[in-house]
Amino acid sequence: MKKPNFVLVNGAKEANWLLEKLYPWDKEPYLRLGSFVPEGFEAYISIRHSVDTKNPVQVQDFNYEKLNLILADYTVDPSRCFYGLWDGYGWDFEGKYKNIFDGKSINFDTSRERFEFSDKLPIEGYKYYLLFGNLFDSLKIGYNVGNIFCAQMPNLVWPEKREWFMATYFEFEVTFVAGSKNLIEFIESSYPLMTERFVPTDRLTKIFVAEH
């Protein structure tokens, strides 16, 4: 597999629009979905990652690669996309992709007792490395266990012209997609997935959330 060509960018600067479009976390028991997916798109859908094999409806497990192929057809330039990766997964992202940190601002994080990139994207107490490159290079994020490559799906993805937005958070067993009505309808009809439509003002109870 060829090495990815994505670059590291200043998250707070390049994703300022996202911070403005996300709803702030409120004090209700269940947050609004607009706290995880930005407002302003025509349609919204959640896609379950896996399904109960006992379910009589013939549906498939979520396939990130297949979804990327669909999203690329609804993107003006798939070579120019942003993708954010949560910094708390526990594997050494900075060591794995150390070349992208050359010349970047690195500071010592006293809470973690290690040096870290200082321009991550902050969202409600969580931080994300923000990368920029080809949409399909997001499939090459991951770590090695011996000779086996373990892919790590990014948490946030959107093209430079913001035709759509995709989000996957580690707390949920779903992926959110926001975009045009045509895109969302095509996702629903392209292959059998278990999906739920929603709008940003809906609460988390609107979609399937796995309990931990």
key: Residue, nearest to residue 94 (Cα to Cα), within region 133-145, restricted to residues that are touching a helix residue (DSSP H, G or I) at 6+ places or on another chain (Cβ under 7 Å) and not hydroxyl-bearing (Ser, Thr, Tyr)   = 139
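May I ask you to verify whether residue 101 is modelled with pLDDT under 95, more than 16 Å from the chain's Cα centre (by Cα) and surrounded by 10 or more Cβ atoms within 10 Å (Cβ to Cβ)?
Numbers: modelled with pLDDT under 95: yes; more than 16 Å from the chain's Cα centre (by Cα): yes; surrounded by 10 or more Cβ atoms within 10 Å (Cβ to Cβ): yes.
When the stated conditions are applied, residue 101 passes them.
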inquiry  = Checking the structure you have, find out if any residue of region 106-115 is surrounded by fewer than 12 Cβ atoms within 10 Å (Cβ to Cβ), outside any strand (DSSP E or B), on the phi > 0 side of the Ramachandran plot and modelled with pLDDT under 95.
reply    = yes
Filtered residue count, region 157-185, keeping only those that are out of contact with any strand residue (DSSP E or B) (no Cβ under 6 Å at 6 or more places or on another chain) and either at pLDDT 95 or above or loosely packed, with under 13 Cβ neighbours inside 10 Å (or both) = 11
inquiry  = Just checking: which of the helices (runs of 4 or more DSSP H) contained wholly in region 1-82 hold 1 or more residues that are at pLDDT 95 or above and basic (Lys, Arg)?
reply    = 16-21
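The values are calculated or read from the model by the stated rules, or taken from the named source; none is laboratory data. Not measured: the values here are computed from a predicted model. Heads up, the Cβs are rebuilt from the backbone with ideal geometry, glycines too, and the neighbour counts pull from every protein chain shown.
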